[in-house]
Each structure stands twice: as structure tokens, then as C-alpha cells.
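Notes to accompany the following structure.
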Amino acid sequence: MRTLARLVPALALVTGLLCTAAPAQADPSAAVTGKQPEAVGWGGAVTSVDADATAAGLEVLRRGGNAVDAAVATAAALGVTEPYSAGIGGGGYFVYYDARTGKVTTLDGRETASRTADSSLFLENGKPLAFADAVTSGLSVGVPGTAATWEQALRRWGSRDLAEVLKPAERIADRGFTVDQTFQDQTALNQARFQDFPASRALFLPNGKLPVVGSTLRNHDLAATYRELGRGGTAALYRGPIGADIVRTLQHPPVDPASGRNARPGKVDTADLAAYQVRQQDPTHVNYRGLDVYGIAPSSSGGTTVGEALNILGTSSVPTADSVQYDHRFLEASRIAFADRNRWVGDPNFVQVPTRQLLDPAYAASRACLINPQHALTSPLAPGDPYHPAACASSGQPVAEPYEGQSTTHLTVADRWGNVVAYTLTIEQTGGSGIAVPGRGFLLNNELTDFNFTPLTPGIPDPNLPGPAKRPRSSISPTIVLKDGKPYLAVGSPGGATIITTVLQVLTGRIDRGLTLEQAIAAPRASQRNTAATQAEPAFLASPEAAKLQAMGHVFSATPEIGAATGIERLPDGRWLAAAEPVRRGGGSAAVVHPSR
Ligand code: GLU
């Protein structure tokens, strides 16, 4: 296994960015689970945060399945081994490059509010609920979109049926997976609330305690649920007994009465489940330095925000010789793009979202002129008006950055035919609502807390208030990059709103800075989202560039870890390179069908 410790010297040479700070230690359990953060070879590739999940996808590829089959198999396995970040109780966004047509298509499998919800969803006596109370409640549970996304992806582009691709995950759930440090840490984060829900406690707190690192955790209920989905299709969830259990659980959260917890009931009912539709839609597209970059259109803000920031960066050549200017421009481009995102992006079925205008290079030029090469801008920065671009102009007051959780998981898959999937799935916060569906083996999401509970800035229209059957704005940013019409890169990450800056940083690290994909993923991260302080990892703060950026007016706040990216690259000789985190979240797992080095 290759650790960050081995990567650091190489990175330091290439970027000048690293770093006197000691890197975090790789998860010792990685050696046990066989995690490997990079792989190169032929026949297709799978990369995810988890070794069992990556192996599930690889098994499907080896048996002749395509990238879509393998992506669903990997996602289903993540529902077992990463149940706090992924699963059929949640939603996600799927980006697919089809080698036959040369086209990129996307599926929006975002959770939706009940048709009976309105902008007062999170108000009690006219006041917004405390965030923590909203999270651990039925109120925050949206109609899950993940199972429908799997079914639709397989139906449109897959070559295997759902029952077959769920098999590896069923096996992992029945035989169990090895608890690693990351899993134990994430369980500890949730321990207090899992304790209050007997079904969650039974699944994740064996004998009422944290699962021990190295022990085996099984989930027979989830294996049975997957088998039921395999037999009858997702109708069992959207119009059948699994759905009835979901609705009962969220409408009457099964809390231990002795806990004294007030878990508010939710509104989603069986008619909401029956009405759920995955949206198939065109990707966002920008051309960045001759490459075609495709992402997710709203309801996620990922594609528009990554795209606008790339367009802003594309207005000038890469300051190759000056790493401080490089970082400065990266931070300013994200600051500006977030100012626009917070003002303009929401569910396009409910608000007019200027997707095309936000991605127009002329608009980016009108925003890029705000960047002062000597000095950092001040946040919150006011949004521009994409409908009437005017150089360096702003439109009205700044809109504050909302709080967003930090969970989710991203997988990337390619197959021998050249099809590629970038898929990010989530149940929102680590552990979602904390409420497991009794007897079914999975947690319900708290995705509706991605809505703003009240307008972020009084008097300014907020595109992301709750509404009937509305989808909360996401930051999820699975991205596929084509070079001369053929796949070149595919990446994505978890991390709430930092997803956008992580994807931007990985893409530009690879495209502009001469980093390899593994290096671009491992490099220290910083995330500027139109807030006064830029979040930065310790290794970024320890770099010589950080001091110079501070002298230019950048303010930083330390955060231990940002994101957990995975990606693949098609090398010029046709081999696939799969890459994952060497250290973050305990390290990811990259694999190829036929390794070549
Ligand atoms: N709910 C978040 C979103 O859709 C993702 C959560 C996370 O990655 O932490 O943007």
C-alpha cells in the first residue's frame, strides 16, 4: 500500500506546496483490508472509499458486466460498509459517459420533500427549529432516490439486472465486514443518538457498545432487503412493504421512550413515495483549457459552481511559475462562484435557475475582473447578475453561506468498452437522521436539512427554501472530463459544500499543475466558499504559500480533513489509472481488472 508519507516528497517537488507538517498516519487497518489508493491497468477500473465495495464492483466487471452494473454493485456494497454515508435510505447523483454514443447523461436521484411540505417545514411556533433537532427527526427525511437511481441506470445502460448486481453486497452484509478505525470513529460520532433508537442501536452498537476495530459487523436485515428489491424490483420500496416501513418509521420515529428524545414526525407518505421520479437530464458543460468538463445540473449546485469557477480560472493563463498566485486565483474563483451559487441555485422545478448564464464564459469574464492579483477579496461578496453581466458589477446584497453537513461517498468506475460512471451518493449527515428502519437494515436520510430553514438574507429571494415535492440544493459534483471527445478524467468527493472546492482543486491540480491524479487527490486542501475565513487542512497551512496568502489578506481556519475524493484517468496508452485517498477517511481503495504495474 502506498501511503501519503511516500507521496509527500514527490508532491513537494512538483507543487512547492508541501509542507513541513507531518501528514496524518494512514489507517493501520488498511493493511488488513487490503486497501490500495492507486492502481493502473486494463479492462476497467473501480475506485471507492472502501475495499469491499471496490471488490464488489470489480467482481461485476470481471464477470463481463459494464461500468453501470459495477457502479450499482459498488454503491450497494457501500450501503453495507459505509451505511452512515450511503444507502437506499438516501439519494445521489449519477453521471454517465456512454462510449457508444459519446454522450454524457446524468441522473438526479435527489431526495424530495413531501408534496404536503411548504416553506414552513422547519418552523415551530414561527421560529426555525434548532438544527440538531431537525437532523434527528422524521421531518428531515426526504423520499429516498437511491434505489430508483440504481434501477433506472441499469434499465437504460446496464447489462445485468438488479438482483444480480446486488448479490456481492448481500454476501458482504451476510458474512460481515471488518470494522476499521474510520467506521468506529463515525459510530462514536453517532453513539448518543443511535442509543436512543432501538433499531439503530441493534444495528450499529453491538451489545450496546461501539463496534471494536477488527471485529466483524453483519447486517442480515439489509441482505434480506436487497434480496427483496432484487426479486420484485424497486416497487417494493416505492409502492410496497419496504416503503410502508419507511413511512411508518419517519412518521412515528421509533425512539426509546426512556431516552426522552423528541424526534419530530415527518410528512412523507406512501403517495409521496409512489410519485418519486429520478430526473434524467443534460449535464452542465464548460470547456476548460480545451477539455470538455461535464457535471451535474441543478438541483445540485455542483456543476454550475465548479463550471463557473473553471471559467473564471480560464480567463487567464496558468501562473505556472508562481504557486502563490495560483492558489490565490483558485481561492478567489471559488469565492466568486459561491457568491453566485448561494443567490441563484435551487431546484429548477421551483425557481428559475440561470444555469446557462452562470456557465457562460462572458459571465465568468465579468466576474473574473473582480480578482485583484495583490489582495484577497472580502467575503461575503455580493452575487453578480448572470442575466445582465456587467464587468465587476454586483447585484444586491451578499447572501450568507448556509451550513451543510459532511458525509456522503463517491465512486468512480470505467469498463473495458470505455464507459465511465461518476456517482456520488449520500444520506446527508454522517449517520443521516440516525433513524434506522426497524427490520430493514438501513438508515433514513436527513437530506431535507439541506434546505435553508428561513431565507438566508431577509428580503432577498432564497432559491433553497423547502417546498412541496421540492429537492434541496446539493453540492454533489461528480464530474467527467473528455479530451477530444474521449474520457480523460472522472472525479468526485463527499464533504458537503466543500465537495465543490475539492473537485475544483483535484481537477486543476491534474490539468494545470502537472500533478498526477494520485498527487492531485493527496495534495493538501483549502476551501473558500464566500466566507470570511478559508477552511484549510494543516498541511496547507504549513506551506510557505499560506503565509504569503495571509499577507495578501486571506484568512484561514484550520480543519483536520476536507473531502475524500476518488477518480480515474485514461492514460494515453489506453490503460486506466484508478486513484483514491491515501489517508483521508482512513484511505480509499482503487483497483483495475488487469493490473499492469
Ligand atoms: N447533503 C450534501 C449535499 O448534497 C452532501 C453531504 C456531504 O457530502 O457531506 O450537498
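The values are calculated or read from the model by the stated rules, or taken from the named source; none is laboratory data. All figures in this text were calculated on a predicted structure; none of them were measured in a lab. Neighbour counts are summed over all protein chains in view; Cβ atoms, including those assigned to glycine, are modelled from backbone coordinates with ideal geometry.
Taken residue by residue, region 484-503 has no member that is farther than 30 Å from GLU228 by Cα, at pLDDT below 95 and basic (Lys, Arg). For SER379, the test of being farther than 30 Å from GLY434 by Cβ and not hydrophobic (A, V, I, L, M, F, W, C) is passed. Taking the criterion of being in contact with a Ser or Thr (Cβ under 8 Å, 6 or more places away or on another chain), among the aromatic types (Phe, Trp, Tyr) and surrounded by 20 or more Cβ atoms within 10 Å (Cβ to Cβ), would at least one residue in region 350-365 satisfy it? Within region 350-365, none of the residues are in contact with a Ser or Thr (Cβ under 8 Å, 6 or more places away or on another chain), among the aromatic types (Phe, Trp, Tyr) and surrounded by 20 or more Cβ atoms within 10 Å (Cβ to Cβ).
Exactly one residue out of LEU517, LEU448, LEU456 is at pLDDT 95 or above and away from the ligand (no atom under 14 Å from the Cβ): that is LEU517. When region 425-445 is filtered for residues that are more than 14 Å from the ligand (Cβ to nearest atom), among the β-branched types (Val, Ile, Thr) and out of contact with any strand residue (DSSP E or B) (no Cβ under 7 Å at 6 or more places or on another chain), only VAL437 remains.
For GLY43, state whether it is assigned to a loop (DSSP other than H, G, I, E, B) and away from the ligand (no atom under 16 Å from the Cβ). First the steps, then the outcome.
Values: assigned to a loop (DSSP other than H, G, I, E, B): no; away from the ligand (no atom under 16 Å from the Cβ): yes.
Criteria not met by GLY43.
I'd like to check something: does region 372-384 contain any residue that is away from the ligand (no atom under 13 Å from the Cβ), free of Cβ contacts under 8 Å to residues at least 12 places away in the same chain and not in a loop (DSSP other than H, G, I, E, B)? Within region 372-384 (the criterion being away from the ligand (no atom under 13 Å from the Cβ), free of Cβ contacts under 8 Å to residues at least 12 places away in the same chain and not in a loop (DSSP other than H, G, I, E, B)), the answer is yes, since at least one residue qualifies.
Answer with yes or no whether ILE499 is touching a Ser or Thr at 6+ places or on another chain (Cβ under 9 Å) and within 16 Å of the ligand (Cβ to nearest atom).
Working: touching a Ser or Thr at 6+ places or on another chain (Cβ under 9 Å): yes; within 16 Å of the ligand (Cβ to nearest atom): yes.
So ILE499 fits the description; yes.
For region 117-147, residues that are more than 30 Å from THR74 (Cβ to Cβ), of a type in the set (A, V, I, L, M), touching a residue at least 24 places away in the same chain (Cβ under 8 Å) and assigned to a loop (DSSP other than H, G, I, E, B) total 4. With respect to the conditions (1) among the aliphatic types (A, V, I, L, M); (2) buried (at least 24 other Cβ atoms within 10 Å of the Cβ); (3) in contact with a helix residue (DSSP H, G or I) (Cβ under 8 Å, 6 or more places away or on another chain), ALA393 falls short on a single one, namely (2).
Tell me, yes or no, whether region 475-492 has at least one residue that is surrounded by fewer than 24 Cβ atoms within 10 Å (Cβ to Cβ), within 14 Å of the ligand (Cβ to nearest atom) and under 21 Å from the mean Cα position of the chain (by Cα). No, region 475-492 has no match at all. Just for region 80-116: of the residues that are more than 16 Å from the ligand (Cβ to nearest atom), among the charged types (D, E, K, R) and not in a loop (DSSP other than H, G, I, E, B), which one is surrounded by the most Cβ atoms within 10 Å (Cβ to Cβ)? So the residue we want is ASP98. The set of residues in region 36-52 being touching a Gly at 6+ places or on another chain (Cβ under 9 Å) and farther than 12 Å from ARG416 by Cα consists of GLN36, PRO37, THR47, SER48, VAL49, ASP50, ALA51.
Which one is nearest to the ligand (Cβ to nearest atom) among residues in region 300-315 that are under 23 Å from ALA536 (Cβ atoms) and polar (S, T, N, Q)? Explain how you work it out, then say what you get.
Restricting attention to region 300-315, the residues satisfying the condition of being under 23 Å from ALA536 (Cβ atoms) are 301-302, 305-306, 308-310, 312-313.
Restricting the remaining residues to those that are polar (S, T, N, Q) gives 301, 305.
Numbers: SER301: 8, THR305: 11 Å.
Filtering region 300-315 for residues that are under 23 Å from ALA536 (Cβ atoms) and polar (S, T, N, Q), the one nearest to the ligand (Cβ to nearest atom) comes out as SER301.
Is it the case that region 316-331 has a residue that's surrounded by 24 or more Cβ atoms within 10 Å (Cβ to Cβ), within 16 Å of the ligand (Cβ to nearest atom) and not charged (D, E, K, R)? The answer is no, given that none of the residues of region 316-331 is surrounded by 24 or more Cβ atoms within 10 Å (Cβ to Cβ), within 16 Å of the ligand (Cβ to nearest atom) and not charged (D, E, K, R). Considering region 459-474, the residues that are away from the ligand (no atom under 11 Å from the Cβ) and among the charged types (D, E, K, R) include one that is surrounded by the fewest Cβ atoms within 10 Å (Cβ to Cβ), namely ASP462.
For every residue, the table says whether it meets (1) in contact with a strand residue (DSSP E or B) (Cβ under 8 Å, 6 or more places away or on another chain); (2) under 20 Å from THR430 (Cβ atoms); (3) buried (at least 20 other Cβ atoms within 10 Å of the Cβ).
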| site | (1), (2), (3) |
| --- | --- |
| LYS209 | no, yes, no |
| VAL212 | no, yes, no |
| ARG231 | no, no, no |
| GLY240 | no, no, no |
| GLN251 | no, no, no |
| LEU273 | yes, no, yes |
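Answer yes or no: is there a residue in region 425-446 that is on the phi > 0 side of the Ramachandran plot, crowded, with 18+ Cβ neighbours inside 10 Å, in contact (Cβ under 8 Å) with a residue 60 or more places away in the chain and in contact with a His (Cβ under 8 Å, 6 or more places away or on another chain). There is at least one residue in region 425-446 that is on the phi > 0 side of the Ramachandran plot, crowded, with 18+ Cβ neighbours inside 10 Å, in contact (Cβ under 8 Å) with a residue 60 or more places away in the chain and in contact with a His (Cβ under 8 Å, 6 or more places away or on another chain).
When you scan region 285-293, do you find a residue that is in contact (Cβ under 8 Å) with a residue 40 or more places away in the chain, assigned to a helix (DSSP H, G or I) and crowded, with 17+ Cβ neighbours inside 10 Å, even just one? No, because not a single residue in region 285-293 is in contact (Cβ under 8 Å) with a residue 40 or more places away in the chain, assigned to a helix (DSSP H, G or I) and crowded, with 17+ Cβ neighbours inside 10 Å.
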